[in-house]
Amino acid sequence: MKRRLLLILLSLCSFNLLFASLIGKLIVVDPGHGGKEDRGATGTILEEADINLKVAKYLRELLEECGATVIMTRTSDRTVSLAERANLANRVDADLFVSIHFNSMKNTPNSDFSIAYYSAYSADYARNVADYLIESFKKYVGTSGDAGPGDVYLMREVKVPAVLGEPCHVSNEEREQWLNEEENLKAVAIAYKEAICRLFDSEIPELNLEAVEEINSWDFNIDCSQNIDKAFAFFDKQPLNVEIQQDRLFISVPENISPGKYFLTVYAIGKNGVYSKKYTKWIQFNPPVDSVKIEIFPDRAPAIAGSYYKIDLIPYARRHCVDKEPLSVKVSDGFITKSGNSLIIPYMGIDEVCITVSYEATELTVPLLFSGDTWVEVVSIYSDDGTFLGIIENTGEPVTISYDGYERVIYNQTPVKPVSFKSIRVNRTLEGFLKGKKIIIAASERKESFEKIAQILQNYGCDAEIVIVQSKRDEINLMRRASSVDFIFLISLNINLKPRYETFFLSDEKELDRAIELLKKAGGIG
Ligand SMILES: [Zn+2]
């Protein structure tokens, strides 16, 4: 026995040399069970509650020798609830929570295997220890086994990385004899210590949230170790953008996140693939208020009775404030209409008006000058898919722009002196596309719903007519008329019109929506 003890002491020393790396680490050691009520697994002479405590005390000593700060959930034989154990680890924000147990399996002689559970929280970090633990148990206890996620109360409630080890079975007679010797309990403690040292020796990425208090901008940064490959940050469950620059993480908040109190979570993956623990903190996020700027383009407007002037509002800040309250717009004289991101200001016979736009704490006032002498429009025309169709110089006469069924007339009667360009988009509409088009709705009987289709089409400005086809003669008449109409809807009719015009087959009258969709498609309307 003496020889074995010596061997263990030797290896203990060598590991201290190799892994004297626990300085600054806070480890909570949790001897399972305890107190009169809860003895844990029992053998014929040993009770788990006692040997857990012994192993834990040895482990505390070993970890402290390596520089760690160790907190025990109990140091005597007393009752400690699972909630108290978890709360302690969470409260001190431990780097690791280690729960010490032994297993029991009555009536199963070959029960000498080990198991290590890791917590769901910071699973990748805790799983490393669990894997190391299994290797350590094999080496120091002589049992082999598995590591897996632990879906038990303790492993769920502990919000720091946690492992729970069951190195062997106290219910196994031979093993119980083994555990009855102090040096073997020390060996179990060494197994834990070695696994823990291996974890902290593997260059775990470290982050520091201490400096993060209130966040008063759209960006903030935190200190981190230099071995980080990837990093992730969240406000509650909403991901933030993270950029790694040497020893800092630059984190920016997406513009759709509102001011408020958030649970900040940050973690990283090291260049060696090792996960950091999850660093968390409640923080208040107060981004600066947004501002807007008004762009007047051009800066003079036509001073003609009945004319109006359009001003584009351009959001200045990250958030698209223009379409949101509490943007408010006032004009010193007259009135103003807001249309999308534009303001429409009619000429009211006053040469200069002041426009005031306010948003949150920002307020901007811009003068707008109406004068009759320098106004002309040169209009670039784009189709709704953005294709450039051409430029029309507006010479003062009304100009009609027509585009595939849609027309727009621009009135401008001021003197000609080109000053600037202005773009408008001519959006193709179903109304514009159908205006003046001839459509026949052909069906075998007249129904109220067909009248509805016809009415809707007429509302779109086309000439829609219902034709009843009941005989061969009706069919021939329809074919004869087909060449003079633009579209034919055949409802539940099977007539081969071989047309040069477009024919839509509808199975019944319920397909009104589809009819409209087909027309939109035919017109290339999105
Ligand atoms: Zn137990």
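The values are calculated or read from the model by the stated rules, or taken from the named source; none is laboratory data. None of the values given here were measured: they were computed from a predicted structure. Don't worry about glycine lacking a Cβ; one is built from the backbone with ideal geometry, like all the others, and counts go over all protein chains shown. To get the accessible areas, we keep the full protein, side chains included, count just its heavy atoms, and leave off ligands, DNA and RNA. Shrake-Rupley method; radii C 1.70, N 1.55, O 1.52, S 1.80 Å.
A few comments on the model shown:
- Contour minus Cα-Cα distance for F263 and N216 (0.36 nm per residue): 15.4 nm
- For the range 207-285, convex hull of alpha carbons as volume per residue, Å³: 76 Å³
- Per the Kirkwood formula applied to alpha carbons, the range 433-522 shows a radius of gyration over Rh ratio, Rg over Rh, of 0.92.
- Pair-distance distribution P(r) for the range 2-201, from all Cα-Cα distances in 5 Å bins starting at 0: 1, 8, 17, 22, 23, 17, 9, 3, 0, 0 percent.
- Spacing of the two label points (7 Å from each Cα toward its C-beta) at N272 and E65, in nm: 2.3 nm
- Rounded percent of accessible protein surface that carbon and sulfur make up, the range 2-201, 1.4 Å probe: 51 percent
- Distant alpha-carbon pairs in the range 129-234 (separation over 23 angstrom), percent: 49 percent
- In the context of the full set of protein chains, the range 433-522 has a per residue accessible area of 58 Å² (1.4 Å probe).
- Chain lengthening between N256 and S492 when straightened (0.36 nm per residue, less Cα-Cα): 80.0 nm
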